[in-house]
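Notes follow once the structure below has been shown.
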């Protein structure tokens with residue numbers, strides 16, 4: 001395999017030798033080939049699982065926990081499980097570690113099952129974005145019984161399998177407590193999304209006496225009054241004046257948020273010096289006003305918090321798994337104002353949460369931010385996986401769907417949705433070939449989107465009801481699953497182009 005033989009021909013010959021050695025037992029992922037100091041590493045699969053293959057020098061092979069199965073041209077051939085320990089070696093040898101964001105446009109690909117990264121990577125290749133392949137919220141981890149380690153390892157193996165060679169990120173998403181931040185930091189995450197929603201005070205639910213007492217007794221009130229009260233902030237088409245009424249409302253709503261963000265930031269800085277920080281204020285009942293945006297940004301900076309993205313709560317309904325609900329003309333005006341504020345204050349970009357399937361919003365968001373943006377998606381990839389199951393195993397899908405109906409009321413408690421289950425057709429009255437049409441119906445999409453945790457963790461007599469079968473069907477129909485995810489995510493990314 002030397003001399004005038006091209007690298008591609010060498011690899012093809014290597015594959016043939018490996019297939020001969022293993023009697024064709026394994027299916028090779030050609031794009032996964034990586035070269036390291038005279039050794040070749042790639043991924044393969046048998047009928048049950050994926051494995052790492054190393055054909056190389058003894059010194060390289062010995063770095064992994066592996067089983068030797070033979071030799072090819074005096075090089076050891078070993079098979080490795082896709083374990084955490086072997087993932088750590090891969091990250092070290094090949095540099096497949098997440099990094100900080102390196103582009104204006106970044107995009108978060110939530111992967112609840114931990115098997116969609118190759119499709120996400122394929123969708124990313126032709127788009128000028130910085131992909132966040134490992135992105136999971138603490139709530140999702142709890143509901144899927146996963147860990148930050150598992151999410152990152154799955155993403156790294158997916159990057160390896162796909163042959164993706166660009167930088168990518170890892171986002172510990174919607175973290176509320178410092179202990180969770182430190183766990184993610186220990187695992188090597190490069191982005192942290194703080195969710196201080198527990199510290200947002202809803203003034204609409206407070207009486208005037210409660211508001212006044214909190215405001216008047218707060219030790220920072222007078223200092224911040226001097227900084228903001230009566231101040232004017234000039235935009236291109238209007239001037240924003242911080243009235244006393246505005247200031248009191250903003251102060252009471254967000255002052256505890258600032259303290260919590262500082263606490264989390266300081267905890268992170270104690271263990272990591274280089275990371276991207278997102279401050280999420282979207283998990284609130286009322287939209288973020290322009291004056292609140294200005295106050296939050298300026299106060300975070302004054303308190304020494306170096307953040308890269310801010311997620312405001314925009315007007316309208318941002319329900320899971322479906323397009324935006326609301327007046328787009330009003331939203332456009334709001335996005336234009338928030339985008340202008342971000343440009344004036346500079347140094348950070350706006351982030352769009354619950355970004356899954358918000359197709360009508362993407363062009364507006366991209367235009368006004370001039371591509372300096374971040375978008376988070378999560379459940380939409382899971383929906384594509386369920387769609388693949390509906391197409392390939394109608395019986396399993398019907399069982400999942402019926403179980404989801406029994407869990408919806410309980411599972412929707414932590415979501416704001418207007419799902420009408422009466423609009424979801426009876427799956428027993430739909431033909432196998434028409435089951436996938438359910439994923440074109442908003443109410444059916446939300447049913448499946450919201451009940452993912454219950455479906456994945458449901459047990460009977462100590463055994464999973466659906467989880468193992470879900471992974472088996474998707475493993476056996478991997479090409480279709482990847483195709484569904486890739487095409488759907490490309491639809492998102494195409495609309496973000498400017």
So residue 224, is it within 25 Å of residue 344 (Cβ to Cβ) and touching a helix residue (DSSP H, G or I) at 6+ places or on another chain (Cβ under 6 Å): no
Qualifying residue in the range 165-179 (condition: touching a strand residue (DSSP E or B) at 6+ places or on another chain (Cβ under 7 Å), farther than 27 Å from residue 199 by Cα and in a helix (DSSP H, G or I)): no
Filter result (within 19 Å of residue 386 (Cα to Cα) and touching a helix residue (DSSP H, G or I) at 6+ places or on another chain (Cβ under 7 Å)) within the range 124-140: 136
Subset of the range 342-358 (residues that are closer than 16 Å to residue 281 by Cα and not in a strand (DSSP E or B)): 342, 348, 353, 354, 355
One residue from 37, 88, 19, 92 being without any contact (Cβ under 8 Å) to a residue 40 or more places away in the chain, over 35 Å from the mean Cα position of the chain (by Cα) and farther than 30 Å from residue 350 by Cβ: 19
Any hit, the range 274-296, residues being more than 20 Å from residue 334 (Cα to Cα) and without any contact (Cβ under 8 Å) to a residue 60 or more places away in the chain: no
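Yes/no per residue for (1) without any contact (Cβ under 8 Å) to a residue 60 or more places away in the chain; (2) closer than 27 Å to residue 171 by Cα; (3) over 25 Å from the mean Cα position of the chain (by Cα); (4) surrounded by 18 or more Cβ atoms within 10 Å (Cβ to Cβ):
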residue	(1), (2), (3), (4)
300	yes, yes, no, yes
303	yes, yes, yes, no
306	yes, yes, no, no
310	yes, yes, no, yes
320	no, yes, no, yes
329	yes, no, yes, no
335	yes, yes, no, yes
Selection within the range 359-384 - assigned to a loop (DSSP other than H, G, I, E, B) and either touching a strand residue (DSSP E or B) at 6+ places or on another chain (Cβ under 8 Å) or closer than 19 Å to residue 455 by Cβ (or both): 361, 372, 378
Boolean, residue 433 is free of Cβ contacts under 8 Å to residues at least 40 places away in the same chain and farther than 29 Å from residue 240 by Cα: yes
Test: residue in the range 103-117 that is out of contact with any helix residue (DSSP H, G or I) (no Cβ under 8 Å at 6 or more places or on another chain), over 30 Å from residue 138 (Cα atoms) and part of a loop (DSSP other than H, G, I, E, B): no
Residue among 263, 237 that is more than 23 Å from the chain's Cα centre (by Cα) and either in a strand (DSSP E or B) or at pLDDT 95 or above (or both): 263
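Table: residues versus (1) touching a strand residue (DSSP E or B) at 6+ places or on another chain (Cβ under 7 Å); (2) surrounded by 14 or more Cβ atoms within 10 Å (Cβ to Cβ); (3) not in a loop (DSSP other than H, G, I, E, B).
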residue	(1), (2), (3)
391	no, yes, yes
397	no, yes, yes
400	no, yes, yes
407	no, yes, yes
418	no, no, no
428	no, no, yes
437	no, yes, yes
454	no, yes, yes
468	no, no, yes
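The values are calculated or read from the model by the stated rules, or taken from the named source; none is laboratory data. All values derive from a computational prediction rather than experimental measurement. Positions of Cβ are backbone-derived with ideal geometry, glycine not excepted, and every protein chain shown enters the neighbour counts.
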